[in-house]
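The values are calculated or read from the model by the stated rules, or taken from the named source; none is laboratory data. Just so we're clear, the structure is a prediction, and the values are computed from it rather than from any experiment. Please note: Cβ atoms are built from the backbone with ideal geometry, for glycine as well, and neighbour counts cover all protein chains shown. For accessibility, only protein heavy atoms count, side chains too; no ligands or nucleic acids. Shrake-Rupley method; radii C 1.70, N 1.55, O 1.52, S 1.80 Å.
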Amino acid sequence: MKILTVLLASACALGLAACSKSPESAGTTSTPTATPAESPPPATPAPASAASPTPVEAAAPAPAAVSAAGDKPAAVVSNCSTTIEGNDAMQYNVGSITVPASCTGFKITLTHTGKMPVAAMGHDVVITKAADMQAVAAEGAGAGLAANYLKPDDARVIAHTPLVGGGQTTSVSVPVSKIRGDGPYAFFCSFPGHSTVMKGTIAVE
Ligand code: ZN
């Protein structure tokens, strides 16, 4: 009988050990720290542009100090040429082009860095007197895409590239003698509606 008792005791001990395995896993109640109910999103002006998923770029810091196209940098010029960009947000990357007085010709290359087709977001570079820009753009709007939205044989147009779409590059050679004096002169995009934003100054210095 003694032996049996011992066995029972040890069995009980084993059983107890087995039973006491789960320490209460309570106490981990996570209190959801309710954020103050001022969550309605800060009224960001909805960038309702269709196919351009770049709200970050659209919200670019606009130093609204300078007027007209003066809020963009000057084009980098070397060897009587420059390369500027247009994008799907209807923007040039520069606001002015300075042609060195020593140049007799000047090449402007335009790269469309966007993805949209020319029919939707076409860009070009047209050079006129600044005073002619608005009328040339307005009258060209009816000329159609194939005519680069420029009235055929418009004598006010000093130089222009063709319209290009996203991913394309074009260029034009500007006769510098025609933009010396009697200015100011402007460059702009003739795609309907774009010249209100896509414009800048070009001058010989
Ligand atoms: Zn354009």
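Tabulated data
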{"quantity": "Only listed residue being touching a Cys at 6+ places or on another chain (Cβ under 9 Å) and modelled with pLDDT of 95 or more, chosen from VAL118, VAL99", "calculated": "VAL99"}
{"quantity": "Region 128-158: number of residues that are more than 19 Å from THR196 (Cα to Cα) and surrounded by 16 or more Cβ atoms within 10 Å (Cβ to Cβ)", "calculated": "2"}
{"quantity": "Test set (1) under 23 Å from the mean Cα position of the chain (by Cα); (2) open to solvent by 30 Å² or more (accessible area, probe 1.4 Å) - GLY86 fails condition number", "calculated": "(2)"}
{"quantity": "Residue count for region 121-132, restricted to those that are part of a strand (DSSP E or B) and either of a type in the set (A, V, I, L, M, F, W, C) or within 13 Å of the ligand (Cβ to nearest atom) (or both)", "calculated": "3"}
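Conditions (1) of a type in the set (Phe, Trp, Tyr); (2) surrounded by fewer than 16 Cβ atoms within 10 Å (Cβ to Cβ); (3) assigned to a loop (DSSP other than H, G, I, E, B); (4) near the ligand (Cβ under 10 Å from one of its atoms), marked per residue:
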| position | (1), (2), (3), (4) |
| --- | --- |
| ALA119 | no, yes, no, no |
| GLY166 | no, no, yes, no |
| SER177 | no, yes, no, no |
| PHE191 | yes, no, yes, yes |
| THR201 | no, no, no, no |
